[in-house]
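Trainee: Take a look at the following structure, please.
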Amino acid sequence: MPGFVMLLWLGGFPTWRVLVLCLLTGVAGYTAIYALNDLVGVKDDKAKVSSGIKPGYSVEASAMRYPLAQNLISMRGALAWFGFWFAVTVVGVWLLNPMILVILFAAAALEVAYVKLLKVTWWRTLVSGLVKSAGPIAAVFVVIPRPSWRLLLLLLAWLVLWEIGGQNIPADWNDLEEDQRVGARTIPLVFGSRVASRAIIVALVLAVAVSLALPWMSPLALGWPFRLIVAAAGAYALLLPAIRLARTLDGRQAAGLFDRASLYPVVLLAIMVGFVLL
């Protein structure tokens, strides 16, 4: 998603130096934030896995999840892993644009808040949307030092809707049994499967609708051909699996939606590369 956003706002490819540095920094940043999630939430994660882990079906739901809680890695090893990748991220961000350090530290703080709110409120799903949006928003500041704040907020809204409908709620759906053990307050647990499926559809319909405004953010004359292709990608990767989930309320369909939604940025990146080359 950061790669797609970068090409969209720049309207072309950055230099190889910037591209390689962005790739390294992006991988390091996401790795560090995911590790931070496990470090902060280790106590609740241990309670989740105390009776075993339900087999998962999405790309995020392997038997190796919660590695720290399952003692697959030591606390010292986990801290070293997080510290190394976070340090790499800080160096990369400093070389790209020091202003992005604000986004990095905000994302880390929000990730801590997200974990701590597990048993407090289902509104934490909004926090998840902000954390997942940090990378793409940072990508804008790599190529556009002074972006339009109105367009930046529009981009943020689109990213949050995609994350909530395509990633966060389906992931919580997959973890129903584990979350129930610790008294978690997730949307599927608080409101039930039917309401959760409707929330997913609303979020993803809005995400696809907002995606029609993405050409406003680009110096390229993308126009309606781009809009129609992006809308078709959203229908395939987001709406169709969301509708199947709403019809069946089956956990495997929730996992299928998560997987399709995870491929959505890859499809958008391919589309954007095609339009840049053309």
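Trainee: How far apart, in nm, are two points set 7 Å out from the Cα along the Cα-to-Cβ line at L154 and at R198?
Mentor: 3.0
Trainee: Then there's this: Obtain the nm distance between the two label points defined at A270 and S51 by a simple spin-label model: each point lies 7 Å from its Cα along the Cα-to-C-beta direction.
Mentor: So the two model labels end up 4.2 nm from each other.
Trainee: On the principal axes of its Cα set, how long, how wide and how thick is the chain? Give whole Å, largest value first.
Mentor: Principal axes ranked by extent give 55, 45, 27 Å for the Cα atoms.
Trainee: Could I have the simple spin-label model distance between M99 and R17, label points 7 Å from Cα toward Cβ, reported in nm to one decimal?
Mentor: So the two model labels end up 2.0 nm from each other.
Trainee: For a footprinting-style exposure proxy, rank L126, L263 by other Cβ within 10 Å, fewest first.
Mentor: L263, L126
Trainee: Another question, if that's okay. What is the magnitude of the charge dipole of the chain about its Cα centre, with +1 placed on the Cβ of each Lys and Arg, -1 on the Cβ of each Asp and Glu, and no other charges, expressed in debye to the nearest 20?
Mentor: 280
Trainee: Only counting other Cβ atoms within 10 Å, I'd like Y114, Y34 sorted with the fewest neighbours first.
Mentor: Y34, Y114
Trainee: Setting aside same-chain residues fewer than 8 positions from K43, which aspartates and glutamates have a Cα under 17 Å from its Cα?
Mentor: Result set, ordered by chain and number: E111, D175, E177, E178, D179.
Trainee: Tell me, what is the FRET efficiency for K119 and T248 to the nearest 0.05, using R0 = 30 angstrom and their Cβ-Cβ distance as r?
Mentor: According to the calculation, E is roughly 0.55.
Trainee: Still on this structure, please answer the following. Which one of A63, L249, Y264 has its Cα pushed farthest toward the positive end of the charge dipole of the chain, where Lys and Arg give +1 and Asp and Glu give -1 at the Cβ?
Mentor: Of the listed residues, the answer is L249.
Trainee: Only Cα pairs under 8 Å and at least 6 apart count here; give the relative contact order of the chain as a rounded whole percent.
Mentor: 26
Trainee: Under the 0.36 nm per residue contour assumption, what length would be gained going from the current alpha-carbon distance of V42 and R185 to full extension?
Mentor: Value of the extension gain: 49.8 nm.
Since every read-out is calculated from the coordinates, none of them should be taken as a lab result. This structure is a prediction, so every number in the text was calculated from the model and none was measured. Note: ideal-geometry Cβ built from the backbone for every residue, glycine included; neighbour counts use all protein chains shown.
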